[in-house]
There are 4 protein chains.
Amino acid sequence: MSTSRLEAFSDGVIAVAITLLVLNIDLPDLRAGQSLAGGLIGQWPVYVAYAVSFLTIGIIWINHHVMIARLREADRTILFLNLLLLMSIALLPFATRLMAAYLRHSHGQHLATGIYSGSFLLMALCFATLNRHILLAKAHMLQRELPIEQRRQILYRSIAGVVPYAIATALAVVSAYLTLAICAALAIFYALPIGSGGAEPVP
Amino acid sequence: MSTSRLEAFSDGVIAVAITLLVLNIDLPDLRAGQSLAGGLIGQWPVYVAYAVSFLTIGIIWINHHVMIARLREADRTILFLNLLLLMSIALLPFATRLMAAYLRHSHGQHLATGIYSGSFLLMALCFATLNRHILLAKAHMLQRELPIEQRRQILYRSIAGVVPYAIATALAVVSAYLTLAICAALAIFYALPIGSGGAEPVP
Amino acid sequence: MSTSRLEAFSDGVIAVAITLLVLNIDLPDLRAGQSLAGGLIGQWPVYVAYAVSFLTIGIIWINHHVMIARLREADRTILFLNLLLLMSIALLPFATRLMAAYLRHSHGQHLATGIYSGSFLLMALCFATLNRHILLAKAHMLQRELPIEQRRQILYRSIAGVVPYAIATALAVVSAYLTLAICAALAIFYALPIGSGGAEPVP
Amino acid sequence: MSTSRLEAFSDGVIAVAITLLVLNIDLPDLRAGQSLAGGLIGQWPVYVAYAVSFLTIGIIWINHHVMIARLREADRTILFLNLLLLMSIALLPFATRLMAAYLRHSHGQHLATGIYSGSFLLMALCFATLNRHILLAKAHMLQRELPIEQRRQILYRSIAGVVPYAIATALAVVSAYLTLAICAALAIFYALPIGSGGAEPVP
């Protein structure tokens, strides 16, 4: 399969998933006597969750493009691993809603935030697995030959992306807010050009 | 019509349908005293339904691409049959929600799982019908000529894909879990490269 | 603007609208003692509405492609009229839900079905307006020159498509079921190759 | 990254956001004795909100295309600023729902309409920021060289687009209806060819 079809379908799924996030922002349920301003401010975890998930999915879209652009064509194994990656991305609207709903509940906040961060961890793992398969097992299908050291270097960077999410997920046992803060910091860091290798042209 | 337009529209519908599946995963409605963990684990049929439907739609997307890639152009009959196929795919979020909601109800589980499996059966039938029309009636519109034996062979494989879903649907009378297990096994089998002809390049 | 961008965006909106229709099919709300089968059968207007709207949007997608394929480029007026057409298409999931909800209510069924049919009428009017603008005012932007008689003939066919929906909408005063039957008959007639000029290749 | 990938993804997000607006139009909740016609008419703010938001997103899509079409390629900073712009667009279905729900409430109407208009302001600001970055900092990445005066002129027009939304947002303190009227007038003005430079071909 040409990679342009693969990219078009993946773009579609990622674009729908990122836009569906807005359905998680409901109108506030005002308690008796509560003002609209109070209700809107009171649901701030919903906005934070929206922004962090939006940026994170946006970053994975850029990285996905860079990864697939290295390929000349795709085979069944690549399609299968890509499908698992898309499944992990398409799940994020649910994890986002769950985290936002429970962040301030004394009961459930650790679990909900752990699942949120764990969903990013799963996505990063799916990404690294596909990248590893492309760079090592399917090196002959690359757009242009890359020396093994360079391929290893790219791969190490992919795998390094898994580590902070693993830490954030583990720390959910300690503090839900800490986990969320790490996820937010990662989203901002990777989104900013400085965190992703400066203003170099993306291949 | 050029097949690239047909593919772009079909890709769009399939990408939206596969991503809408996540809307079926609601936050658990906790009973008094139930923990969030208990509520999340309690709705496991929702996750199984999500994964099976996601993989199955992903597979039909790959197969759809292979089928259309054989065509040079499309006429009205092909567009009409393709529209029916898309309609059967776009219905899957509903069938998935129905099955997940009733899987563990003593009342309704057989019917709901039968409709779920029956939706896959309908999709497989629409697929085989369109494939048959392309390979037999519209052979002159193929990208490159294929001998009739080869076209028949491709078609037999399409029709063979209908059989396991027919069996799974019939068995819903006996056991909802058995039907679901067959659907899940088919999704995994076809998704894995081994179940779909190895790591050969997809045309 | 190149028409390929225009087509890609229009395809996106139409693909999302056609796929969102499935959100109109809710799980049946079972009354005490009602079986799932009874509940599912009881909401048959929902399925009819789904199928009629799906086919109708599918047909407008094909016609939209044929109309835009005649153009070499698009200007602001074309973009604006196209936006109005897309707005009328994007409204159909609401009109579909309204009709399905009220079809069997003695109160409201005429109005709801009139709005349903009226939405198709509005869409057909937007389509004919854009087609008229392209064929008469922007004839110099066509892909290849067409004699005025041929352009008029194409336009008459567009305008003729408005008439049956106008009749169906007017008849909603008499009978909701009659209106729905006409909309369904039109969807099937235009979808079938026989109703749209046989198996000729679509340009 | 080639701008065609950037456009395809942005088109996807914008197409989904514009089509999701229809989910804001619920069936009317009829009070005892209220007719369907009364219920439908009673929720007129929902329709106005739908039309204004649909047109405004449609206009931003056209402007986005014109802006990106000037570029030869995109770097990380452009991708990041574009992601912020898409986030502001994807938020509009929520702002639209909020405004429609509170427009006629004596309590909350000023705030809700201010947020609605403020969302358009945010979108216009994101747009002007990205445009500024492209025209001034990344002038060497333009499709073809533009003299600095011409780039400044384009930029002034972008920044001028921010002003009316700032005024509309400020006026929400005075009257929610006035703010909505300005937003509606802007949508119509920019959508009409006369408000956007006549029938010139869009680059």
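If D:Pro28 meets every condition in (1) farther than 23 Å from C:Leu86 by Cα; (2) touching a Ser or Thr at 6+ places or on another chain (Cβ under 9 Å) apart from one, which number is that one?
Condition not satisfied by D:Pro28: (2).
Just to be sure, is A:Ala17 in a helix (DSSP H, G or I), among the small types (Gly, Ala, Ser) and more than 10 Å from chain B (Cβ to nearest Cβ)?
no
Provide a single number: the residues in the range B:91-131 that are of a type in the set (A, V, I, L, M, F, W, C), in contact (Cβ under 8 Å) with a residue 60 or more places away in the chain and in a helix (DSSP H, G or I).
9
Tell me, which residue of the range D:69-78 that is crowded, with 21+ Cβ neighbours inside 10 Å and part of a helix (DSSP H, G or I) is nearest to the other protein chains (Cβ to nearest Cβ)?
D:Arg76
Take the residues in the range D:22-37 that are farther than 14 Å from C:Ala112 by Cα and in a helix (DSSP H, G or I); name whichever of them is farthest from the other protein chains (Cβ to nearest Cβ).
Going through the qualifying residues, I end up with D:Asn24.
Could you check A:Ile41 against (1) crowded, with 19+ Cβ neighbours inside 10 Å; (2) more than 25 Å from B:Ala17 (Cβ to Cβ) and say which number it fails?
It is condition (1) that A:Ile41 fails.
Report, by residue number, each residue of the range B:102-118 that is of a type in the set (Gly, Ala, Ser) and at pLDDT 95 or above.
B:Ala112, B:Gly114, B:Ser117, B:Gly118 - these are the residues of the range B:102-118 that are of a type in the set (Gly, Ala, Ser) and at pLDDT 95 or above.
Looking only at the range D:92-108, how many residues end up being facing another protein chain (nearest Cβ under 9 Å) and either within 15 Å of D:Leu171 (Cα to Cα) or surrounded by 23 or more Cβ atoms within 10 Å (Cβ to Cβ) (or both)? Explain how you work it out, then say what you get.
First, the residues of the range D:92-108 that are facing another protein chain (nearest Cβ under 9 Å): D:92-94, D:97-98, D:101-102, D:105, D:107-108.
Those still in the list that are either within 15 Å of D:Leu171 (Cα to Cα) or surrounded by 23 or more Cβ atoms within 10 Å (Cβ to Cβ) (or both) too: D:92-94, D:97-98, D:108.
Total satisfying the criteria: 6.
Facing another protein chain (nearest Cβ under 7 Å), at negative phi, at pLDDT below 95 and assigned to a helix (DSSP H, G or I), is that true of C:Phe9?
Yes, satisfied.
For every residue, the table says whether it meets (1) in contact with a Cys (Cβ under 7 Å, 6 or more places away or on another chain); (2) aliphatic (A, V, I, L, M).
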position: B:Val52; (1), (2): yes, yes
position: B:His65; (1), (2): no, no
position: B:Ile68; (1), (2): no, yes
position: B:Glu73; (1), (2): no, no
position: B:Ile78; (1), (2): no, yes
position: B:Pro93; (1), (2): no, no
position: B:Thr96; (1), (2): no, no
position: B:Gly108; (1), (2): no, no
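Among the residues of the range A:9-24, what is the count of those that are out of contact with any Ser or Thr (no Cβ under 6 Å at 6 or more places or on another chain) and crowded, with 21+ Cβ neighbours inside 10 Å?
Filtering the range A:9-24 down to residues out of contact with any Ser or Thr (no Cβ under 6 Å at 6 or more places or on another chain) leaves A:9-12, A:14-15, A:18-20, A:22-23.
Then drop every residue that is not crowded, with 21+ Cβ neighbours inside 10 Å, which leaves A:9-12, A:14-15, A:18-20, A:22.
Within the range A:9-24, residues that are out of contact with any Ser or Thr (no Cβ under 6 Å at 6 or more places or on another chain) and crowded, with 21+ Cβ neighbours inside 10 Å number 10.
Do you know which of the residues in the range C:145-173 that are in contact (Cβ under 8 Å) with a residue 24 or more places away in the chain and not in a helix (DSSP H, G or I) is surrounded by the most Cβ atoms within 10 Å (Cβ to Cβ)?
Ranking the qualifying residues of the range C:145-173, first place goes to C:Gly161.
Where the second residue is of a type in the set (Val, Ile, Thr) and part of a helix (DSSP H, G or I) and the first is more than 10 Å from D:Val13 (Cβ to Cβ) and at the interface with chain A (Cβ under 7 Å from one of its Cβ atoms) and lies in the range D:79-90, which pairs have Cβ atoms under 8 Å and are six or more apart or on separate chains?
Cβ pairs passing all conditions: D:Leu79/A:Ile62.
The values are calculated or read from the model by the stated rules, or taken from the named source; none is laboratory data. Keep in mind it's a predicted model, so treat the numbers as computed, not measured. Positions of Cβ are backbone-derived with ideal geometry, glycine not excepted, and every protein chain shown enters the neighbour counts.
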